[in-house]
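Working notes for the structure below.
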Amino acid sequence: MKKEQIKTAKFGGSSLADAAHFRKVKEIVEADPARRYIVPSAPGRRSPEDEKVTDLLYRCYEEASSGADYHNSMEKIRKRYQDIIDELSLNVSLDAQFEKIKQAFLGCAGEEYAASRGEYLNAILLAAFLGYEFVDAAEVIRFDKYGNFQSERTNFFLSERLKNTRCAVIPGFYGADDAGNIHTFSRGGSDVSGALVARAVSADLYENWTDVSGFLLADPSIIHDPKKIHAMTFGELRELSYRGASVLHEEAVFPVRREGIPIQIRNTNDPADPGTIIRRQLSAEEEVPITGIAGKKEFAAISIAKNCMNSEIGFIKKLLEAFEENKISFEHLPSGIDTVSVILPRVEYEEKKDAIMASLRRLLDPDKIEVDTDLALVTVVGRGMRSVSGIAATFFTCLGVAHVNIKMIDMGSNEINCTIGVKNEDFEKAIRALYHALVEA
Ligand code: ASP
């Protein structure tokens, strides 16, 4: 007998911003009986001027806990949910919930508790609308008392709880510690919750429904109408998300990648579009030389020079120690024979520069240290780069033709990415040159 398919579907805030979107979500869920586990975000913006419920909650809590007047913000939040209830004629009242939330805010229950209520209330409404069971994330997503996420305990609790639950709505973004205190993931963390649910129920697919039809090959604010990424590997997703392609929370990949559960990014407003599929391996037909181009500005490079660095045993260990003792994780470490550079976010460098310099001098006794604080990083990702010759030549030629000076090059050891450092002001120019030469040509 064929195994019954299971899909976990996460719907982002823009997909659940109002009653009209709730209806679209219901249609999507009902169109496929495999969509049994649903993870919602809090209501997002209904228009560009609108506010996300999560932002309203943070503000309302700040007001309530500092003794300021919070009624206006609380009323706005209440109305967002009440409008959905009224328009969908749901037989649900959130009055008792709002009374509890108000008391908790006045009792300083914490910012994370406050923010989590957006997903909590939305999941109650969505569960009622779909006729699915509501499962509170506080019961199943586990954190320790310091707010560190516990992945294996979560997997245990979630899979046990959902084992005999055919269809459920589990709010995204938060969980709790054993004492019941609420903890949240970082912003956009419902993507992570969706991935955890997908893992726990051994889903065949993790669908992530949002307001765009998947990943684009480059940032549309830099490239006009860029091509879409139809398919990519988990490794490529990780590279692109880390480098700023912001469709999916960068930590959402881990729970599903380990189980080999594919992720599909889809558009709630265009459900016929297959969006982007992310899998462990892709077929030969899906092979393209360049998967995506992404980047970020505002990095700093600290370059250390010391004669015969290459033969000094333990030099790199001491270098890393200097960063470890200042609690800094770095981005890249390009090296030569007698020089090595450490690339890190510029704000982090500015904040800790005296301490970093002191550690470097004490531990390494370098000949020279130079710092460049005008650095943007651009990464070209593509598993296909390995097998196509001439890519490197095109890569560097196009930047030369565009008069972009390359300050640093780092070819990832897995050969699916190549990162270059350029001046911040050359950032957009570099991306345009690379896109035109590598993708359009
Ligand atoms: N509502 C939260 C946020 O705005 C979490 C999420 O949407 O994933 O960040």
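Determine the relative contact order of the stretch 261-357: mean sequence separation of Cα pairs under 8 Å and six or more apart, normalised by residue count, in whole percent.
In percent, rounded to a whole number, it is 25.
Looking at this model, which pairs from Lys100/Lys327; Lys26/Lys227; Lys26/Lys79; Lys26/Lys297 are more than 32 angstrom apart at the alpha-carbon?
Lys100/Lys327; Lys26/Lys297
Calculated from DSSP H runs of 4 or more alone, at -39500 (n - 2.57) each and per residue, what is the 222 nm mean residue ellipticity of the chain, nearest 500?
Helices in the chain give a 222 nm mean residue ellipticity of -11500 deg cm²/dmol.
What residue among Pro226, Phe156, Gln103 has its Cα farthest toward the positive end of the dipole of the stretch 94-237, where the charges are +1 on Lys, Arg and -1 on Asp, Glu, each on the Cβ?
Phe156
What number do you get for the stretch 80-214 when its Cα radius of gyration is normalised by 2.2 N^0.38 Å, N = residues?
Numbers: Rg = 15.1 Å, N = 135, 2.2 N^0.38 = 14.2 Å.
Output field value: 1.07.
What whole-number distance in Å separates the alpha-carbon centres of the stretch 1-54 and the stretch 410-441?
Answer, in whole Å: 35.
Is there a quick way to get the dipole size of the stretch 163-211? I mean about its Cα centre, with the Cβ of Lys and Arg at +1 and of Asp and Glu at -1; what is the value in debye to the nearest 20?
With only Lys, Arg, Asp and Glu charged at Cβ, the dipole is about 140 debye.
Count neighbours as other Cβ atoms within 10 Å of each site's Cβ, and list the GluC sites (Glu not before Pro) in the stretch 21-81 that are DSSP loop with at most 15 such neighbours.
Passing sites in the stretch 21-81 are Glu49.
Placing unit charges on C-beta atoms (Lys and Arg positive, Asp and Glu negative, everything else neutral), compute the dipole magnitude of the chain about its Cα centre in debye, rounded to 20.
The calculated dipole for the chain is roughly 860 debye.
Can you tell me the relative contact order of the stretch 112-161? Whole percent, Cα pairs under 8 Å, sequence separation 6 or more.
24 percent
At what distance in angstrom do the alpha carbon centres of the stretch 129-169 and the stretch 343-381 lie from each other?
After rounding, the separation between the Cα centres reads 42 Å.
Expressed as a rounded percentage, what relative contact order does the chain have, with Cα pairs under 8 Å and six or more residues apart?
About 13 percent, as a whole number.
If neighbour count is taken as other Cβ atoms inside 10 Å, put Lys10, Lys26 in order from fewest to most.
Ordered by Cβ neighbours within 10 Å, fewest first: Lys26, Lys10.
Out of all DSSP beta bridges with both ends in the chain, state the antiparallel percent to the nearest 5.
If we restrict to bridges inside the chain, about 60 percent are antiparallel.
Past 18 Å, Cα to Cα: identify those pairs from Lys296/Lys423; Lys10/Lys102; Lys407/Lys429; Lys306/Lys353; Lys296/Lys368, in the order given.
Cα-Cα > 18 Å for Lys10/Lys102; Lys306/Lys353; Lys296/Lys368; rest within.
Which angle between 0 and 90 degrees, to the nearest 10, do you get for helix 95-106 versus the longest principal axis of the chain when only C-alpha atoms count?
Here the helix axis deviates by roughly 50 degrees.
For Glu51, project a label point 7 Å along Cα to C-beta. Then give me every residue of the stretch 58-95 with its amide nitrogen under 16 Å of that point.
Within reach of a label on Glu51, which here means backbone N under 16 Å from a point 7 Å along Cα→Cβ, the stretch 58-95 contributes 58-82.
Label-point separation (nm) for Ile313 and Ser283, each offset 7 Å from Cα along Cα-to-Cβ?
Here the answer is 5.4 nm between the modelled labels.
Eigenvalues of the Cα gyration tensor times 5, then square-rooted: what semi-axes does that give for the stretch 72-153, in whole angstrom, largest first? Write out the running numbers ahead of the final one.
Numbers: eigenvalues 122, 69, 16 Å².
For the stretch 72-153, the semi-axes come out at 25, 19, 9 Å.
How many times 2.2 N^0.38 Å is the alpha carbon radius of gyration of the chain?
Taking N as the residue count of the chain, the ratio is 1.09.
Since every read-out is calculated from the coordinates, none of them should be taken as a lab result. On a predicted model such as this, the values are computed, not experimentally measured, just so you know. When we count neighbours, we look across all protein chains shown, and the Cβ atoms used for this are built from the backbone with ideal geometry, even at glycine.
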